[in-house]
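The values are calculated or read from the model by the stated rules, or taken from the named source; none is laboratory data. Everything quoted here is computed from the prediction, not taken from an experiment. Quick reminder, even Gly has a Cβ in these numbers, built from the backbone with ideal geometry, and neighbours come from all protein chains shown.
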Amino acid sequence: MTVETVSNLLVAAWLLPVAGFTLVILFGRLFRDHEKPAWFTVLVMGTSFVLSAIALWQYMANGMEPYCDPWPWLAIGEGKFLEVGPYVDEVSVLLMAMVTLISTLVHIYSVGYMHGDPRKSRFMAYMQLFTFSMLTIVIANSLIQLFVGWELVGLTSYLLIGFWYEKRGPQLASKKAFVMNRIGDTGFLIGMGIVFFKFGGDLVLRSAEPGLGIFGTMAANGMNPLDLSSADQWWLTIAGIGLFCGAMGKSAQFPLHTWLPDAMEGPTPVSSIVHSATMVAAGVYLSARIFPILTPGAHLFISTIGLITLVLAAVIACAQTDIKRVLAYSTLSQLGYMILAVGVGAYTFALFHLITHAFFKCCLFQCSGSVIHACHHEQEMPKYGGLMRKMPLTAIAFAISTLAIAGAAIPYTEYALSGFYSKDGIIAGAINYGEAFGRNGMSWGSLFYWGPVIIAYVTPFYMMRAFVLTFLGKPRDKHIHDHAHEAPWTMWAPQLVLALFAIIIGWPMFRVGASIHATAPTMLTHDAAGQEHLTMMSQGFDAHTEMAHGFHLTHGFLLHGFAWIIPMVLAAVIYWNGFAITSRIFGLPVLKQLHWLVYNKFGFDGLYDTIFVALCKIVAKLAAWFDRMVVDGLVNLCGWLGKNIGFAVGGFDDQVVDGAVRGTGRSAVKLGGVFHFVQGGNLRVYVLILLAVGLAGLAVVVIPLALGWAEPAAASTAATATISALTQ
């Protein structure tokens with residue numbers, strides 16, 4: 001099988017979900033039973049996964065080289081086009097297989113979870129479109145194609161988070177996610193514009209022709225990354241940070257992080273796929289793809305954002321009582337790890353952790369959904385307890401995924417769950433990055449490795465806390481416990497499959513991490529500029545020797561330090577009896593205030609509502625007033641003037657112009673009436689007229705003579721004329 005065939009398989013796997021979406025939207029209503037369209041979407045996603053798996057197997061087994069097949073899309077000048085098309089390398093084939101597999105399992109899970117929902121087929125169609133959108137990002141050959149998928153992900157997440165639009169919570173959550181992602185996307189557009197206009201007018205991530213692509217274009221225009229002027233370096237820094245702002249929105253990084261916990265208002269299948277294989281993963285994927293254009297300044301910015309997010313979210317997760325919100329802040333913290341990895345230069349481990357995290361986080365959300373489904377949609381962990389006896393399969397899957405996210409390993413051995421391998425590589429990269437600062441006299445650089453190391457202990461604590469409060473101990477709500485039951489097979493079967501992958505996906509025999517790490521020299525380009533840039537990025541520490549040394553140091557530190565055991569045991573001891581111990585601890589005045597602050601997420605939502613939302617409302621009110629009083633006022637004034645001028649013109653036309661016409665008509669009618677009277681055919685009228693004329697003629701003759709006004713001859717002449725007229 002050739003790499004072109006692999007590319008065609010991936011294109012088919014990419015387009016199948018959008019075909020399924022179209023068919024279900026158009027014809028899903030023809031079925032009275034929503035189960036048939038739902039299972040059809042499962043079949044479509046399963047087929048897409050099979051095609052992706054075949055492509056992955058063939059690509060890896062045959063040691064194929066990266067390949068792209070650009071298609072001209074939009075003309076942007078004479079002989080120049082914006083190109084789209086598939087981009088095939090180790091990362092894209094791995095992520096295509098991962099996304100389609102997890103989406104297939106989530107589709108199966110949704111069949112059971114959404115049972116009885118009157119809009120189930122529409123929900124499944126939205127899930128198909130959501131998957132297609134993410135696959136568009138994964139397979140994209142250019143930033144413009146990636147941006148199309150990027151915006152589609154934003155649209156479909158809005159539809160899915162707000163799927164239960166009858167409720168106030170999903171309405172607000174979907175709008176919040178949409179708006180905050182648009183803020184990040186503004187930076188994305190700015191960064192893309194700088195790359196396009198300042199650095200060669202090309203957005204292709206990789207071209208089939210050597211020397212093209214982002215850095216290839218820079219080299220073709222004489223802008224070698226190693227020889228950039230300070231001005232060009234500044235522009236490249238702004239471009240990198242701008243593109244990363246898009247990732248900040250999608251991956252919910254500080255300070256654009258508040259939308260992700262609120263997204264829990266949507267159906268749990270949405271949470272499981274958003275937090276694992278699609279939306280939040282897109283930001284990490286973008287950050288890794290743009291790695292070669294990141295300057296040291298951009299690296300520092302990215303690593304700082306990742307560090308703040310991973311620490312902040314982990315602390316907040318320790319105080320949450322809603323099971324889905326604990327997992328949401330856990331996702332934020334793990335995304336912080338991935339973004340930190342990109343910032344410190346260990347972006348291959350960021351992608352590795354992206355894949356391992358997708359499996360155990362999807363499993364955790366599905367388990368939480370099963371618990372919520374079994375407990376009459378109750379999400380508060382204080383009302384759980386002792387559910388392992390009622391839901392053993394769900395408890396086992398949750399426990400395995402908890403160990404995986406905690407980075408569990410068997411002490412003094414090389415056997416571990418998937419999260420250990422990927423997270424340990426990130427910590428190793430952070431240690432090397434911090435040490436590079438230390439060698440240059442900047443001791444604060446140690447924060448970049450102490451932060452992730454400390455949170456490596458916090459993660460097992462809050463995850464074990466959630467497991468103990470939910471599945472262990474005594475039931476704290478008898479009604480909920482008595483009615484709890486294991487989920488149907490469509491819900492627990494995907495959980496067990498995900499739990500299995502959470503165990504094995506990081507094992508060296510599967511070469512997931514090694515395959516991603518092998519893309520380091522060829523992630524974005526194969527040209528000389530890309531190679532030189534990788535050399536530049538490794539300055540300050542050897543990218544192979546020191547990274548490996550740091551990895552082994554951390555490897556031994558975390559294994560022999562029992563990093564995952566100690567916090568888990570501590571959480572089990574504290575929360576075995578519910579909140580009995582913590583209620584006394586946090587009853588102390590100072591700790592009570594601290595707990596309140598952490599429980600309320602450090603007040604970010606309130607702060608944003610007070611400053612930004614309130615400011616937006618004020619601006620909106622001012623704009624509404626301006627629109628109503630000024631814009632509409634001018635329009636209304638013009639309308640009033642037009643109306644009154646029209647009335648005046650209408651009055652003149654009616655009274656003068658039409659009045660003259662009507663007066664002439666009335667006069668003609670009256671005159672016609674007179675003549676009609678004369679010529680009416682009545683004999684008496686004729687006699688009367690003759691008599692009147694005769695009298696008038698007589699008066700004309702007699703009266704002037706009597707008064708001496710006329711001579712007799714003249715009178716005789718007049719009389720003669722009158723008599724002649726009457727006798728004619």
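Checking each residue in segment 368-402 for being under 19 Å from Met264 (Cα atoms), touching a helix residue (DSSP H, G or I) at 6+ places or on another chain (Cβ under 7 Å) and not in a helix (DSSP H, G or I) picks out Cys375, His376, Glu378, Gln379, Tyr384.
Taking segment 255-298 as the range and being in a loop (DSSP other than H, G, I, E, B), β-branched (Val, Ile, Thr) and crowded, with 24+ Cβ neighbours inside 10 Å as the test, the residues that pass are Thr278, Ile290. From the list Ala346, Ala374, Ala397, Ala408, the one residue that fits, being over 22 Å from Leu260 (Cβ atoms) and in contact with a strand residue (DSSP E or B) (Cβ under 7 Å, 6 or more places away or on another chain), is Ala408.
Screening the candidates Phe199, Phe244, Phe254 for the property of being touching a helix residue (DSSP H, G or I) at 6+ places or on another chain (Cβ under 7 Å) and modelled with pLDDT under 80 yields one hit, Phe199. Scanning segment 650-669 turns up one or more residues that are surrounded by 10 or more Cβ atoms within 10 Å (Cβ to Cβ), at pLDDT below 90, in a helix (DSSP H, G or I) and within 60 Å of the chain's Cα centre (by Cα). Considering the conditions (1) in contact with a strand residue (DSSP E or B) (Cβ under 7 Å, 6 or more places away or on another chain); (2) crowded, with 24+ Cβ neighbours inside 10 Å; (3) not hydroxyl-bearing (Ser, Thr, Tyr), Glu380 is excluded by exactly one of them, (2). Of the residues making up segment 146-154, none is assigned to a loop (DSSP other than H, G, I, E, B) and either among the basic types (Lys, Arg) or without any contact (Cβ under 8 Å) to a residue 24 or more places away in the chain (or both).
Among residues of segment 610-645 being closer than 26 Å to Thr258 by Cβ and of a type in the set (Val, Ile, Thr), the one that is surrounded by the most Cβ atoms within 10 Å (Cβ to Cβ) is Val613. For segment 312-353, residues that are surrounded by fewer than 24 Cβ atoms within 10 Å (Cβ to Cβ) and of a type in the set (A, V, I, L, M) total 3. The criterion of at least 1 residues that are closer than 24 Å to Ala358 by Cβ and in contact (Cβ under 8 Å) with a residue 24 or more places away in the chain is met by the following helices (runs of 4 or more DSSP H) wholly inside segment 403-498: 418-439, 447-471. All of Val6, Val24 fail the test of being touching a strand residue (DSSP E or B) at 6+ places or on another chain (Cβ under 8 Å) and at pLDDT 85 or above, apart from Val6.
Every residue, every condition in (1) within 23 Å of Thr490 (Cα to Cα); (2) at pLDDT 90 or above; (3) buried (at least 17 other Cβ atoms within 10 Å of the Cβ); (4) of a type in the set (S, T, N, Q), yes or no:
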residue: Asn62; (1), (2), (3), (4): no, no, no, yes
residue: Pro70; (1), (2), (3), (4): no, no, yes, no
residue: Leu82; (1), (2), (3), (4): no, no, yes, no
residue: Leu94; (1), (2), (3), (4): no, yes, yes, no
residue: Thr100; (1), (2), (3), (4): yes, yes, yes, yes
residue: Thr104; (1), (2), (3), (4): yes, yes, yes, yes
residue: Ile108; (1), (2), (3), (4): yes, yes, yes, no
residue: Met124; (1), (2), (3), (4): yes, yes, yes, no
